[in-house]
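Structure first, then comments.
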Amino acid sequence: MKITGYETFIVPPRWLFLKIETDEGIVGWGEPVVEGKAHTVQAAVDELMDALIGRNPLRIEDHWQVMYRGGFYRGGAILMSAIAGIDQALWDIKGKYYNAPVYELLGGACRDSIRVYSWIGGDRPSDVGLAALEKKQAGFTAVKMNATEELQFIDSYEKIDRVVERVAAIRESAGPHFGIGVDFHGRVHKPMAKALAKALDPYRLMFIEEPVLPEHNEALRDIVAHTSTPIATGERMFSRWDFKSLLQSGYVDIIQPDLSHAGGITECKKIFAMAEAYDVAVAPHCPLGPIALAACLQVDATAHNAVIQEQSLGIHYNEGNDLLDYLTDPAVFAYQDGHVRIPDGPGLGISVDEEVVRKMAQTGHRWRNPLWRHQDGTVAEW
């Protein structure tokens, strides 16, 4: 079997899909994208695919090494996301070739389903108490919210108080044992991160996410001294080498690699295993589309330390088009009792509705994240 061609599709709300074709008629789908940089990743896919045309798609480990090591410059968000989507598509082909879900080819499943959480609030959360109650009534057992608006290095404790009020409202509406993840989103610098982590500690959160930007992971040492809440980070880390020092530091409890950013199924399986060796849990990042989620679930199925899965159904980014719109069988992601079953069809276990993909690619998108500024005019982290 040989790879004969590929196509990319920029589709709303902010995704990039990849289709790889073979001479035996088997096709695979992947989702290589950086939110806000879809066209840049599309160009990287074009460059990387030059080395794969005419090759046997089943030699996935070799193709991964060629894509990663074959260029003098490596790593980073763009290249690793391009590799990720290609890797997902190759695994989809391999599973279909052997008529088995990807997880069977990775050693078999150790779970039948995984817990999921839902997003509440947008980038400036408002009535999150009511939103959390609605998610609980819909069957979810956990939610995540962005903690706060922009924060300066040293900022007003009024903003800290507002975050605490919102989290308290969720606790009151959803109950004492409902899961709450609070995403600092890298917006909070070390001084205020310590204050915010300490203020939130009484609310027994599921985790605090990305309390500081990954380039400041050494600050986690000081933040953990102010809280007993589990610390999660990793959505902006792109390879096992990025995660190596984080895991060695001992200051993270949950890592959150993104299977559309961190090298795909091949790399993330290795990252998950590294984390298990350090007694660290995994909660894969995935505010993306159905192909990305399917890839996550295939690896989750094989990972004993995977604890909860992010998914984008109803997320504030998905206006106009949502997670299930591009599938011929949306029931594959039916959520029940706060869990989703692992898709057990061949490959990634989903069937992409190519007709819808082609139609929506005519619309495309140029999604960009907001640009925030502080009151003094300096650029703020979003």
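The values are calculated or read from the model by the stated rules, or taken from the named source; none is laboratory data. None of the values given here were measured: they were computed from a predicted structure. So basically every Cβ, Gly included, is an ideal-geometry build from the backbone, and we count neighbours across all protein chains shown. All accessible areas refer to the heavy atoms of the entire protein, side chains included, with ligands and DNA or RNA removed. Shrake-Rupley method; radii C 1.70, N 1.55, O 1.52, S 1.80 Å.
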Extend 7 Å from the Cα of Asp112 along its Cα-to-C-beta direction; within segment 306-340, residues with backbone N under 14 Å of that point are 336-337, 339-340
Taking the alpha-carbon centre of each part, the distance from segment 334-382 to segment 145-198 in Å is 25 Å
Residue-ordered couplings for segment 247-264, obtained by feeding phi - 60° into the Karplus form 6.51 cos²θ - 1.76 cosθ + 1.60 and rounding to whole Hz (Gly and Pro as x), are 5, 5, 5, x, 10, 10, 10, 9, 9, 10, x, 9, 6, 9, 10, 9, x, x
In a Gaussian network model of the chain with springs linking alpha carbons closer than 10 Å, the residue among Ser228, Ser156, Ser239 that fluctuates most is Ser156
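Can you sort Trp241, Trp382 by 1.4 Å-probe accessible area, starting with the largest?
Trp241, Trp382
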Carbon/sulfur accessible area of the chain, % of total, 1.4 Å probe, equals 48 percent
For Cys110, the accessible surface traced by a 1.4 Å probe with all protein chains present amounts, in square angstrom to the nearest 10, to 80 Å²
Packing-ranked peptide list from 70-78, 193-201, 371-379, highest mean Cβ count within 10 angstrom first, is 193-201, 70-78, 371-379
Ranked by GNM mean-square fluctuation in the chain (Cα springs under 10 Å), the top entry among Val41, Val332, Val356 is Val356
With every protein chain in place, the accessible area of Thr363 for a 1.4 Å probe, in Å² rounded to the nearest 10, comes to 100 Å²
Measuring from its Cα centre, segment 90-218 shows a charge dipole (+1 at each Lys and Arg Cβ, -1 at each Asp and Glu Cβ) which, in debye to the nearest 20, is 380 debye
Calc'd 3J(HN,Hα), segment 337-346, phi into Karplus 6.51 cos²θ - 1.76 cosθ + 1.60 (θ = phi - 60°), Hz, glycine/Pro = x, comes to 6, x, 10, 10, 6, 6, x, 10, x, x
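Send over a whole-number figure in Å² for the accessible area per residue of the chain, probe 1.4 Å. Working shown, then result.
Details: 15330 Å² over 382 residues.
Per-residue accessible area for the chain comes out at 40 Å².
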Taking the alpha-carbon centre of each part, the distance from segment 56-87 to segment 234-297 in Å is 16 Å
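Which translational diffusion coefficient, to the nearest whole µm²/s, is obtained for the chain from the Stokes-Einstein equation, given a Kirkwood hydrodynamic radius over C-alpha pairs, 25 °C and 0.890 mPa s?
This corresponds to a translational diffusion coefficient of 117 µm²/s.
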If every Lys and Arg gets +1 and every Asp and Glu gets -1 at its Cβ, then about the Cα centre the chain yields a dipole, in debye to the nearest 20, of 420 debye
Normalised per residue, the volume inside the convex hull of the alpha-carbon atoms of segment 1-150 in Å³ amounts to 157 Å³
With all protein chains in place and a 1.4 Å probe, Lys270 shows an accessible area in Å² (nearest 10) of 60 Å²
Cα-Cα longer than 21 Å, checked against Lys19/Lys96; Lys136/Lys194; Lys159/Lys194; Lys144/Lys198; Lys37/Lys270; Lys2/Lys94, kept in input order, equals Lys136/Lys194; Lys37/Lys270
Projecting the Cα atoms of Tyr335, Leu297, Gly314 onto the charge dipole of segment 223-344, where Lys and Arg contribute +1 and Asp and Glu -1 at Cβ, the residue farthest towards the positive end is Leu297
When every protein chain stays in place and a 1.4 Å probe is rolled, Glu7, Glu31, Glu215, Glu61 sorted by accessible area with the largest first are Glu215, Glu61, Glu7, Glu31
Asserting the computed 222 nm helical MRE of the chain (DSSP H runs at least 4 long, -39500 (n - 2.57) per run, divided by residue count, to nearest 500) equals -11000 deg cm²/dmol
Descending accessible area (1.4 Å probe), largest on the left, turns Ser173, Ser81 into Ser173, Ser81
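Kirkwood hydrodynamic radius of segment 247-328 from all distinct Cα pairs, in Å?
Final number for the Kirkwood radius of segment 247-328 is 13.2 Å.
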Everything considered on the Cα gyration tensor (a ≥ b ≥ c; rounded for a/c under 1.5, else prolate if a/b is larger than b/c, else oblate), segment 65-155 must be described as oblate
The long-range amide H neighbours of Trp119, using H built 1.01 Å from N in the peptide plane and a cut-off of under 5 Å, are Lys144
Classified through the alpha carbon gyration tensor (a ≥ b ≥ c as square roots of its eigenvalues; rounded if a/c is under 1.5, else prolate when a/b is larger than b/c, else oblate), segment 239-376 comes out oblate
Expressed as a whole-number percentage, the relative contact order of segment 1-121 with C-alpha contacts under 8 angstrom and at least six residues apart is 27 percent
Of all chymotrypsin sites (Phe, Trp or Tyr not before Pro) in segment 83-138, the ones in DSSP coil with at most 14 other Cβ atoms within 10 Å are Tyr98
Diffing segment 265-273: the Karplus 3J(HN,Hα) column from phi (6.51, -1.76, 1.60, θ = phi - 60°), in whole Hz with x for Gly and Pro, holds 5, 4, 6, 5, 4, 6, 5, 4, 5
